[in-house]
Amino acid sequence: MALVGIVLGSDSDWPVMENGFQTLKDFGVETEVLVASAHRTPDAVREFAVSAKNKGIEVIIAAAGGAAHLPGVIAAHTALPVIGVPIAGGALKGVDALLSIAQMPSGVPVATMAIDGSKNAALYALSILALKYQNIAEKLEDFRAEQSEAVRRKNAALQDKINSKR
Ligand code: RP5
């Protein structure tokens, strides 16, 4: 059963969002993926949003570029947590989508990631799920520890390089 729903405003958003999908997969979290546009298929967006909770979905990630209303429209139809990912593209290179997603009216929140922040969207969804699922919480702790270790290794390698030239 899918715990996370990823909704894309267009199939052209997939190359960016595949990274987040893969992150969820690496954590063993099943994900439903849907292409549905707030402007071009508004009924499909509404149908997904109103039925998501009953299907077992606990967190929704919504990605869109341009005048990116998709995350906000989904949040208007469900109280599930919605994480918005602004997609880079067009004349404004994602700044339009970032502001559209971040500037929600008071009362209907959307957690806004960086432009093309697909991996962080997945990690944020995992943090929400980790409140309930101990196995996900443990995997997230391991992920953070490995990430810290990688930075320590890089620092040590850089120090060695600098010192070898002294
Ligand atoms: C947005 O417009 C989509 O989310 C996508 O980022 C952008 C371009 O869509 P296509 O023209 O590639 O379908 O609605």
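List of remarks:
- Computing FRET efficiency as 1/(1 + (r/R0)^6) for LYS25 and GLN103, where r is the C-beta to C-beta distance and R0 is 45 Å, gives about 0.90.
- Of all aspartates and glutamates in the structure, the ones whose alpha carbon falls short of 18 Å from that of LYS53, not counting any fewer than 8 places away in one chain, are GLU30, GLU32, ASP43.
- Partners of LYS119 within straight-line reach, counting lysines whose Cα lies under 21 Å from its Cα and excluding those fewer than 8 residues away in the same chain: LYS25, LYS93, LYS132, LYS139.
- Here the Kirkwood formula, the inverse mean of 1/r across different C-alpha pairs, assigns region 4-132 a hydrodynamic radius of 14.0 Å.
- Charge tally around ARG40: other residues with Cβ under 15 Å, Lys/Arg +1 each, Asp/Glu -1 each, net -3.
- For VAL50 and SER12, the difference between the fully extended length at 0.36 nm per residue and the C-alpha to C-alpha distance is 11.2 nm.
- With neighbour counts taken as other beta-carbon atoms within 10 Å, the residues HIS69, HIS39, HIS77 rank, fewest first, as HIS39, HIS77, HIS69.
- Of the residues SER164, SER12, SER37, SER118, the one with the fewest other Cβ atoms within 10 Å heads the list, and the complete ranking is SER164, SER12, SER37, SER118.
- Entry note, the chain: relative contact order of 21 percent, from Cα contacts under 8 Å with a spacing of 6+ residues.
- Zero-based 5 Å bins, Cα pair distances in region 118-166, whole percents: 5, 19, 17, 16, 12, 9, 9, 7, 5, 2, 0
- Label-to-label distance, ALA91 versus ALA157, with points set 7 angstrom from Cα along the beta-carbon direction: 4.3 nm.
- The Cβ shell under 13 Å around LEU3 holds other residues with a net charge of +1, Lys and Arg each +1, Asp and Glu each -1.
- Label-point separation in nm, LYS165 to ALA145, each point 7 Å along Cα→Cβ: 3.5 nm
Every number in this text was worked out from the coordinates using simple rules, so none of it is lab data. All figures in this text were calculated on a predicted structure; none of them were measured in a lab. With ideal geometry, Cβ positions are generated from the backbone for all residues, glycine too; neighbour counts draw on all protein chains shown.
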